[in-house]
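The block underneath contains the structure these notes are about, expressed in structure tokens.
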Amino acid sequence: MCLEVINNFAGTDPNISNGFFQAYFTSIVQDIFFVLTDTDHKSGFKLQSLLLARMFQLVETNAIQTPLFNPAEMPDPNITNAQYLRQYCENLLKTAFPHVQG
């Protein structure tokens with residue numbers, strides 16, 4: 001269902017989709033990573049992975065035209081959504097798995 005919501009917003013007017021993605025994108029990514037990395041949660045892995053891949057695709061293809069972050073809080077004001085998403089996911093995984101060195 002969440003994949004359908006993401007696809008529907010991705011296909012709508014940019015003024016509407018940008019507001020939605022700016023408000024909810026990082027929260028959804030965080031929740032997906034939480035579920036995917038929970039050892040007790042096995043059901044829905046394929047669909048959750050598809051949802052995460054779709055969200056990454058939207059960012060990598062510049063389908064989301066608004067910053068997914070607060071530019072005033074970023075040390076580099078020229079950061080792209082793709083760069084931000086990589087850093088954001090890296091930090092999520094480092095926090096979830098502090099014992100893994102990278």
Considering residues that are aliphatic (A, V, I, L, M), in a helix (DSSP H, G or I) and more than 13 Å from V29 (Cβ to Cβ), the number found within region 49-74 is 2
inquiry  = So, G44, is that one small (G, A, S), in contact (Cβ under 8 Å) with a residue 40 or more places away in the chain and either surrounded by 14 or more Cβ atoms within 10 Å (Cβ to Cβ) or more than 18 Å from L93 (Cβ to Cβ) (or both) or not?
reply    = no
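Can you find even one residue in region 43-65 that is of a type in the set (D, E), more than 10 Å from the chain's Cα centre (by Cα) and under 25 Å from N8 (Cβ atoms)? I'd like the intermediate steps shown before the answer.
Residues of region 43-65 that are of a type in the set (D, E), as a first pass: 60.
Okay, now just the ones that are also more than 10 Å from the chain's Cα centre (by Cα), so 60.
Now narrow it down to the ones that are under 25 Å from N8 (Cβ atoms): 60.
Yes; the residues of region 43-65 include at least one that is of a type in the set (D, E), more than 10 Å from the chain's Cα centre (by Cα) and under 25 Å from N8 (Cβ atoms).
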Test: L92 is at pLDDT below 95 and aliphatic (A, V, I, L, M):
yes
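Among F20, F25, F56, which is surrounded by 10 or more Cβ atoms within 10 Å (Cβ to Cβ), over 22 Å from L93 (Cα atoms), modelled with pLDDT of 95 or more and of a type in the set (F, W, Y)? Reasoning before the result, please.
On the way: F25 fails: over 22 Å from L93 (Cα atoms); F56 fails: over 22 Å from L93 (Cα atoms).
The match here is F20.
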May I ask you to verify whether F34 is surrounded by fewer than 14 Cβ atoms within 10 Å (Cβ to Cβ) and part of a helix (DSSP H, G or I)? yes
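The values are calculated or read from the model by the stated rules, or taken from the named source; none is laboratory data. On a predicted model such as this, the values are computed, not experimentally measured, just so you know. Don't worry about glycine lacking a Cβ; one is built from the backbone with ideal geometry, like all the others, and counts go over all protein chains shown.
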